[in-house]
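Heads up: the structure comes next, in structure tokens.
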Amino acid sequence: MKLGGTAPARRATKLSPDSVVTGVVFCFMVTLFSAGILAVILLRTPITEKALSPVVNVVGALSVFSGGFVAGRRSGTLGWMHGGIAGLFYSAACFLVGVFAFPELAPVALLVRRLVLGFSIGLLGGVAGVNF
């Protein structure tokens, strides 16, 4: 006879594509909203585009983190994987948009760096989404 009652429930270990897609869409929504705010700031203040460059990088990182958070929260399990993949897809999509908008040859090292950063920041967001 077993002591302790019922066995603990097993957690799902499958990737949830709809969670990843929702996270990527949320990344783009945060980015577009932030871009609108930054555009208004540029129009209404004497701040130059060059001065906003670090802010744009922070906004991009927050977009990836928030998309990873949403993907992890929506999946309920494996937040690191869902958030990381959402960040990876978002980073790849942004890189492709940049390549098509500015057809100069982009170095492969830049692509790899952005993909690794996107995966890492999304991973952290996914972990936070599952646990908070």
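The values are calculated or read from the model by the stated rules, or taken from the named source; none is laboratory data. Note that the coordinates shown come from a computational prediction; the quantities given were computed from them, not determined experimentally. No Cβ is skipped: glycine too gets one built from the backbone with ideal geometry, and neighbour counts run over all protein chains shown.
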Across the range 82-100, the tally of residues that are of a type in the set (Val, Ile, Thr) and modelled with pLDDT under 95 stands at 2
Of the listed residues (58, 40), the one being within 16 Å of the chain's Cα centre (by Cα) and either at pLDDT 85 or above or at negative phi (or both) is 58
If you go through 29, 1, the only one that is surrounded by fewer than 21 Cβ atoms within 10 Å (Cβ to Cβ) and at pLDDT below 90 is 1
Residue 107: passes all of (1) more than 25 Å from residue 19 (Cβ to Cβ); (2) touching a residue at least 40 places away in the same chain (Cβ under 8 Å) but (2)
